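Worksheet for the structure shown next.
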Amino acid sequence: MTRRPPVGARLGFAGGPGYHRAMRKLVALHYSPWSEKARWALDHHGVAYRYEEYKILLGEPKLRLATQNVRGKATVPVLFDGREALSECWDIAQRAEAVGRGVTLFPAAHREGVRRWHERGQDACALARVRLVDTIREDSDAMRAQIDAGVPRPLRGLMYPSSPLVMAWFARKHAGACPGDGAALRDTCEALRSELNGRPYLFDGITFADISMAVMLQFVEPVADRFIALDPRLRRAWQDPELAREYADLLEWRDRLYAHHRLRSA
């Protein structure tokens, strides 16, 4: 009996006939801090992969089938690598470390410290996302921009009237974090400022800890469009003007980190 390739391969994700490692595939949202962490690590290590932009709502059934995730939360990024589907940015970064080249992002002497900063950034981003979703739900232009980002052009007119329902669904999907009022971001920014103390990196050189903190600051003030393009209607929803003024030094640090270390895969 002929063996069928795994589900992901049949959907064009990975593992099909003639598959090779250069055909790794990353499904992600280009503006998501979680996705950006994974992409940054892959690009830093020169790992070749194909990129697919995830479509909120419409892309979920395909992603669930490809990952064989029927009941759990379907989220990106997901790296399809052979017969594996890695769905945590930490795990994706570890895979990039294992198969790529270049300077390590997880130096042995600081590995636990890197993990702590990563986890702190994860928590801050999860809380900040609650505020972001609430802000978008209160802005009809931002809701339309969110539909534009995730729905093919011919279908957008049909989806606009239901955009409040789409955002309500998205809010329920990521329920669990307490409402974000900026306190978690402020606390993490304070800790980051104190630890950096004017230094260019949290440790001896760039690590995944720096990347985690840099992408967290997306919720304070989005990085320049040349790194992460954002519809102007959505950019204002991501901004926290008060925190941006208070932590302008950290935004400058983030921008220098991007300018010196954010390479893009071809």
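Model label points for residue 155 and residue 83, set 7 angstrom from Cα along the Cα-to-Cβ axis, are 3.2 nm apart. Label-to-label distance for residue 256 and residue 48 is 3.6 nm, based on points extended 7 Å past Cα in the beta-carbon direction. Restricting the range 96-164 to GluC sites (Glu not before Pro) that sit in a DSSP loop and have at most 15 other Cβ atoms within 10 Å of their own Cβ leaves 138.
Taking 0.36 nm per residue of separation and subtracting the current Cα-Cα distance, fully stretching the chain between residue 140 and residue 116 would add 4.9 nm.
Counting only aspartates and glutamates at least 8 places from residue 73 when in the same chain, those with an alpha carbon closer than 15 Å to its own are 60, 88. Label-to-label distance for residue 109 and residue 248 is 3.6 nm, based on points extended 7 Å past Cα in the beta-carbon direction. Amide H contacts under 5 Å for residue 50: 24, 25, 26, restricted to partners 5 or more places along the chain or on a different chain, H placed in the peptide plane at 1.01 Å from N.
Readers should treat all values here as calculations from the given coordinates under stated rules, not as data from a laboratory. Values in this document were obtained by computation on a predicted structure and should not be read as measured data. Methodologically, a virtual Cβ is constructed for each residue, glycine included, from the backbone with ideal geometry; neighbour enumeration extends over all protein chains shown.
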